[in-house]
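Contents: one structure, followed by commentary.
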Amino acid sequence: MRTVLISGAGIAGPALAYWLKAADFEPTLVERAPALRQGGYVIDFWGLGYDLAERMGLLGEINRAGYHMREMRIVDRAGQSVAGFGAEIFSELTAGRYVTLQRSDLSRLLFERTRGQVESIFDDTIAALDEQTNCVRVQFERGRGRQFDLVIGADGLHSRTRALVFGPQSRFEKHLGYDVAAFEARGYRPRDEDIYLMYGRPGRMLGRFTLRDDRTLFLFVFLSTREELPATTDARKAFLADLYRHDGWECCQILAALEQAESLYFDSVSQIRMQHWSRGRIALVGDAAFCVSLLAGQGSALAMISAYVLAGELASAHGQYQLAFRRYETLLRSYIKAKQRGAERFAGAFAPKTEFGLRFRNLVVKAFALPGLARLVIGRDIVDSIQIPQYGLPSISRGTIV
Ligand SMILES: Cc1cc2nc3c(=O)[nH]c(=O)nc-3n(C[C@H](O)[C@H](O)[C@H](O)COP(=O)(O)OP(=O)(O)OC[C@H]3O[C@@H](n4cnc5c(N)ncnc54)[C@H](O)[C@@H]3O)c2cc1C
């Protein structure tokens, strides 16, 4: 029981490859994209995910690549601050172990940690899976067919592994009623270093975050209006332009920048809720198994935690993979469920549907200025309520296992 095919080199995939390699398995990563994705949105990163990154020796690089936010500011149509709070509260609650970084940077750093030690195949994907008594036969879309002892789907919200083994996404997807888009622009003005600016209208928000190298990231979250998302980048740009063109603040300027953007992230805000995360020799990790959505604010950390627990349980089970898969689920299921419920509750506060809701949300955020209130409200969600086993997996140095 040594060879493991991992589908997806996002966050969960490389993290799992790392810990499996540390436990003396032979992982292989297959990634559909021709190269690791660059740019995209930023994530807040703390807690157990941060602790695991430290164990992987990545803290220095993560903090260099990341940003330490000073302020979250809600602005009105004239750009005036109407509510907000100092982001030092996050730092205080996590003893300084909190960073905002591009998802693509975290993915790259995790992947680089396995470079040269884990076989990685880009520009390919699993086409078919055929489970036998002693292995899984894998047919790739491009490469030749191969056999692996186990197959793990780390291929995100729209996991193909899940679709092949468990059935269509519609059976497991809970749409939270919003869609999301993000893009990056160069040379945008104004710049507000380490401040997250947010502008809201009923049913939609637009966020701006200043990045290094004269880049700016924009995030749109808006109420879903139809079943199907527009299919092409041009149609998506046109959709966003229609939705935001009459809004105040910098919306027109941001839409002009969007027109020039080469790539645009666009997806539904959804969760994945499954009865089981494994079947036979095939299991799922990260968003593929239990996407909590951006509204939980911790999906990357959960992807890393699930990868670590799965690798640890496989290492401890000495070949009894069914036992490992069962224990992996038992350890994490209720923790994940609580995160999913929290995200569902938070949806209305992120982009309130009515003018009244918007005003009320702003009043609540304003009240964060009251001593202790922000600590109370944010503290409840920021502290990890789970302890994960140690497993005693060694760290891998860049080259050999130590
Ligand atoms: C706008 C936004 C903001 C977010 N903010 C935060 C935040 O603040 N904090 C936080 O912790 N999390 C945040 N998240 C969530 C976080 O990004 C995800 O939970 C996390 O990326 C999940 O990691 P993953 O590896 O499971 O999936 P992904 O990161 O989606 O990676 C999946 C990988 O699989 C590849 N793939 C897909 N299909 C196939 C296939 N058929 N074959 C092979 N490879 C395939 C993809 O190319 C990708 O590389 C946010 C998400 C969004 C959308």
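The amide H of residue 26, built 1.01 Å from its N in the peptide plane, has 3, 4 as neighbours under 5 Å, considering only residues 5 or more places off or on other chains. Stokes-Einstein diffusion for the chain, with the hydrodynamic radius set to the Kirkwood value over Cα pairs and evaluated at 10 °C in a medium of 1.306 mPa s, equals 72 µm²/s.
If only the Cβ of Lys and Arg carry +1 and only the Cβ of Asp and Glu carry -1, the dipole of the stretch 290-402 around its Cα centre is close to 340 debye. Database remark: amide H of residue 120 closer than 5 angstrom to the amide H of 29 (H placed geometrically; neighbours at sequence offset of 5 or more, or on other chains; Pro and chain starts carry no H). For the stretch 149-294, the relative contact order works out to 36 percent when only alpha carbon pairs closer than 8 Å and six or more residues apart are counted. Taking the chain as a Gaussian network of alpha-carbon nodes connected by springs under 10 Å, the highest mean-square fluctuation of the residues 315, 367, 23 belongs to 367. Think of it as helices only: each DSSP H run of n ≥ 4 in the chain is worth -39500 (n - 2.57), and spread over all residues that comes to -11000 deg cm²/dmol at 222 nm.
Couplings 3J(HN,Hα) for the stretch 177-185, derived from phi with the Karplus relation 6.51 cos²θ - 1.76 cosθ + 1.60 (θ = phi - 60°), are x, 10, 10, 9, 9, 8, 8, 10, 10 Hz, where x marks Gly and Pro. Amide H contacts for residue 79 (H built 1.01 Å from N in the peptide plane; partners 5 or more residues away or on another chain; cut-off under 5 Å): 249. Considering the chain as a Gaussian network with a 10 Å cut-off on Cα pairs, which listed residue, 192, 155, 105, attains the greatest mean-square fluctuation? Looking only at 192, 155, 105, the biggest GNM fluctuation is shown by 192. Per-residue Karplus couplings for the stretch 121-126, computed as 6.51 cos²θ - 1.76 cosθ + 1.60 with θ equal to phi - 60°, are listed in order as 10, 9, 6, 8, 7, 5 Hz, Gly and Pro entered as x.
Using R0 = 22 Å, the C-beta based FRET efficiency linking residue 38 and residue 147 works out to 0.10.
Straight-distance candidates among the aspartates and glutamates for linking to residue 174, with alpha-carbon spacing under 17 Å and chain neighbours fewer than 8 residues away dropped: 227, 228, 267, 287, 344.
When the chain is treated as a Gaussian network with alpha carbon springs shorter than 10 Å, the biggest mean-square fluctuation among 64, 103, 162 belongs to 64. The Kirkwood radius of the stretch 257-331, taken over pairs of alpha-carbon atoms, gives through the Stokes-Einstein law at 25 °C and 0.890 mPa s a diffusion coefficient of 175 µm² s⁻¹.
Converting phi to 3J(HN,Hα) with the Karplus coefficients 6.51, -1.76 and 1.60 and the offset θ = phi - 60°, the stretch 27-34 yields x, 10, 9, 10, 10, 5, 6, x Hz in sequence order, with x at every glycine or proline.
Laboratory data are not the source of any read-out in this text; all were calculated from the coordinates shown. Only a predicted model underlies this, so the values are computations on that prediction, with no experimental measurement involved. Counting neighbours? That spans all protein chains shown, and the Cβs are built from the backbone with ideal geometry, glycine included.
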